[in-house]
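Chemist: The structure follows.
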Amino acid sequence: MRIIFLSALALLAAGCVQNPVYRQTEAPLPVSDIDQERYLGLWHEQARLPNSFERGCQRVTAEYGRREDGLISVLNTCVEANGETRTAEGRARPVGEAGEGKLKVSFFGPFWGDYWVLQRAEDYSWSIVGEPEGRFLWILTRAESISREQRADFEARITALGYRPADLVWAAP
């Protein structure tokens, strides 16, 4: 319980500090259509833009599930450098057009942030997630790790979206 409380406080504090804008273009971001049922389940973070709430995190996962109230449950888990596991529980709700990959996510009270599925694989094996301001970006896969060729493909994809691959924090191979 202490870890959840500390995570909530950290997220609240992080919300007060503006993350830098990493995106190098003002062109509108694409948003993929998603089948919510297929998007649910466990995802492994392969890369992310630096952010205060994941500082020191390794082996990060995000697990999405269906809630009884119609929202989506969100469970983010990471392993800190000292080996301890940290979790953050939240909820998400669809916004935008039906089937569009735009969601709002909340980990603390009434505060909601944008979560846009920018690109995804046809088979839902990977997803690139961001938000319209260019401050956050994640590369998620169903697999625990990726090959060098897959990383090169992701680097090309995020470059086309206006991000610099060198800005990302990549998961250890």
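Computed from the coordinates by the stated procedures, all read-outs in this text should not be read as laboratory data. Note that the structure is predicted; figures quoted are calculated from it, not measured. Cβ placement follows ideal geometry from the backbone for every residue including glycine, while neighbour counts extend to all protein chains displayed.
Chemist: List the relative contact order of segment 2-170 as a percent without decimals, with contacts defined as Cα pairs under 8 Å and 6+ residues apart.
Modeler: Values: 315 pairs, mean separation 46.0, N = 169.
Computed value for segment 2-170: 27 percent relative contact order.
Chemist: When the Karplus curve 6.51 cos²θ - 1.76 cosθ + 1.60 is applied with θ = phi - 60°, which whole-Hz ³J(HN,Hα) does each residue of segment 62-74 get, with x for Gly and Pro?
Modeler: 10, 10, 10, x, 8, 9, 5, 7, x, 7, 10, 7, 10
Chemist: How large is the helix-only mean residue ellipticity at 222 nm for the chain, computed as the sum of -39500 (n - 2.57) over DSSP H runs with n ≥ 4, divided by its residue count, in deg cm²/dmol to the nearest 500? Let's see the in-between values first.
Modeler: On the way: 3 runs with 32 residues, N = 173.
For the chain, the value works out to -5500 deg cm²/dmol.
Chemist: Let me ask something else about it. Among Phe154, Pro50, Gln24, which residue has its Cα positioned farthest towards the positive end of the charge dipole of segment 2-170, with +1 placed on the Cβ of Lys and Arg, -1 on the Cβ of Asp and Glu, and the dipole taken about the Cα centre?
Modeler: Pro50
Chemist: Assigning unit charges at the beta carbon (Lys, Arg +1; Asp, Glu -1) and nothing else, what dipole magnitude in debye, to the nearest 20, does the chain show about its Cα centre? All intermediate terms of the calculation are to be shown ahead of the outcome.
Modeler: Working: 20 positive and 24 negative charges, 84 e Å.
Taking the Cα centre of the chain as origin, the dipole is about 400 debye.
Chemist: Give a quick list of GluC sites (Glu not before Pro) in segment 94-155 that DSSP marks as loop, anything other than H, G, I, E or B, with at most 10 other Cβ atoms within 10 Å.
Modeler: Values: sites: Glu97, Glu100, Glu122, Glu133, Glu144, Glu149, Glu155; in loops: Glu97, Glu122, Glu133, Glu144.
Passing sites in segment 94-155 are Glu97, Glu122.
Chemist: Can you run phi through the Karplus equation (6.51, -1.76, 1.60; θ = phi - 60°) for segment 110-125 and list ³J(HN,Hα) in whole Hz, with x for Gly and Pro?
Modeler: So the Karplus estimates, Gly and Pro as x, are x, 8, 10, x, 6, 9, 10, 7, 7, 8, 7, 6, 4, 8, 6, 8 Hz.
Chemist: Then there's this: Pop out the ³J(HN,Hα) list for segment 135-144 in order, Karplus 6.51 cos²θ - 1.76 cosθ + 1.60 with θ = phi - 60°, rounded to Hz; leave Gly and Pro as x.
Modeler: Values, residue by residue: 8, 10, 7, 9, 10, 10, 9, 6, 7, 5 Hz.
Chemist: Moving to a separate point now. Of the options Phe111, Gly101, Leu40, report the single residue whose Cα projects farthest towards the positive end of the charge dipole of segment 2-170 (beta-carbon charges: Lys, Arg +1; Asp, Glu -1).
Modeler: Selected residue: Phe111.
Chemist: Sticking with this one: Just how far, in whole angstrom, is segment 139-153 from segment 28-83 if you go by their alpha carbon centroids?
Modeler: First find each Cα centre; the distance between them is then 15 Å.
Chemist: Which of Ser145, Val169, Ile128 sits closest to the plus end of the dipole of segment 96-173, meaning its Cα is farthest towards the positive end, when Lys and Arg get +1 and Asp and Glu get -1 on the C-beta?
Modeler: Val169
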